[in-house]
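See structure below.
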Number of protein chains: 2
Amino acid sequence: MNPVEVLSKKIFSQDKMQKVNLFETENLFCDIYCLLPGQSQKPHRHHGADKIYYVFEGQGAFQIGEEERVLGPGMILLAPSDVEHGVRNTSGKALSLLVVMAPNPNKI
Amino acid sequence: MNPVEVLSKKIFSQDKMQKVNLFETENLFCDIYCLLPGQSQKPHRHHGADKIYYVFEGQGAFQIGEEERVLGPGMILLAPSDVEHGVRNTSGKALSLLVVMAPNPNKI
């Protein structure tokens, strides 16, 4: 068994958003994304893979398609396959996200 | 965009564990599982699909393969394809879990 205390895995860097992998299989990856104020994951899209974002702490401006919304702790959202998506930390504090992607683009 | 305040979707029933779907695609489903004290998801396995459990609140005894561990809020774990897994609420309070499965067995 491989239980992980998620927030103990957080890593932040002044350089850029940090991604910390928790689990990876052919079917999915599960990461924490850690964004300091001002950091972002630029809008992009994946063909054939869906992504879920869950906000642990902080606040992010999430873009899915043409829409953008600021979401905080306890919110979850889906970025479907082929739809442009990204997130920016527009707040003044750290942003920590759970991110699950299926299937795993690194293993397709 | 489809953001959801996860814990606002909780439903408990004296009958049995409740599963509330948040998102569903061919690649994944994302549910909340809601277990009152004494309720469980019996050990079972899925061929070709991996499951992630994340504990929002409460405490559960998770079985993955032959091992069982009691885990609380903030813990995440992977039940890999073909490995027997289940969860029991052995505590005295409600247990709420985020569950992601990939691919979606309902759509294979």
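The values are calculated or read from the model by the stated rules, or taken from the named source; none is laboratory data. Predicted, not measured: the structure shown is a model, and the values here were computed from it. Positions of Cβ are generated from backbone atoms using ideal geometry, with glycine treated the same way; all protein chains shown enter the neighbour counts. Heavy atoms of the whole protein, side chains included, go into the accessibility calculation; ligands, DNA and RNA do not. Shrake-Rupley method; radii C 1.70, N 1.55, O 1.52, S 1.80 Å.
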The correct count of residues that are assigned to a strand (DSSP E or B), open to solvent by 80 Å² or more (accessible area, probe 1.4 Å) and within 14 Å of another protein chain (Cβ to nearest Cβ) in the range B:5-32 is 2
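Would the range A:33-41 turn up any residue that is hydrophobic (A, V, I, L, M, F, W, C) and either facing chain B (nearest Cβ under 8 Å) or under 30 Å from residue B:47 (Cα atoms) (or both)?
Within the range A:33-41, not a single residue is hydrophobic (A, V, I, L, M, F, W, C) and either facing chain B (nearest Cβ under 8 Å) or under 30 Å from residue B:47 (Cα atoms) (or both).
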In the set B:20, B:70, the lone residue that is at pLDDT 95 or above and touching a helix residue (DSSP H, G or I) at 6+ places or on another chain (Cβ under 6 Å) is B:20
Exercise. Does residue A:90 satisfy the condition of being touching a strand residue (DSSP E or B) at 6+ places or on another chain (Cβ under 7 Å) and buried (at least 17 other Cβ atoms within 10 Å of the Cβ)?
Worked result: no
Across (1) of a type outside the set (Gly, Ala, Ser); (2) touching a helix residue (DSSP H, G or I) at 6+ places or on another chain (Cβ under 9 Å); (3) closer than 20 Å to residue A:49 by Cα, residue B:32 clears everything bar (3)
Per the filter on the range B:80-108, residues more than 9 Å from chain A (Cβ to nearest Cβ) and part of a strand (DSSP E or B) are B:85, B:86, B:87, B:88, B:95, B:96, B:97, B:99
Subset of the range B:56-78, residues among the aliphatic types (A, V, I, L, M), more than 9 Å from every other protein chain (Cβ to nearest Cβ) and closer than 20 Å to residue A:98 by Cα, comes to none
_Any residue that is more than 21 Å from residue A:76 (Cβ to Cβ) and open to solvent by less than 60 Å² (accessible area, probe 1.4 Å) - is there at least one of those in the range B:49-57?_
no
Within the range A:33-50, residues being more than 19 Å from residue B:24 (Cα to Cα) and part of a strand (DSSP E or B) number 8
Counting only residues in the range A:58-76 that are touching a Phe, Trp or Tyr at 6+ places or on another chain (Cβ under 7 Å) and closer than 20 Å to residue B:75 by Cα, the one surrounded by the fewest Cβ atoms within 10 Å (Cβ to Cβ) is identified as A:73
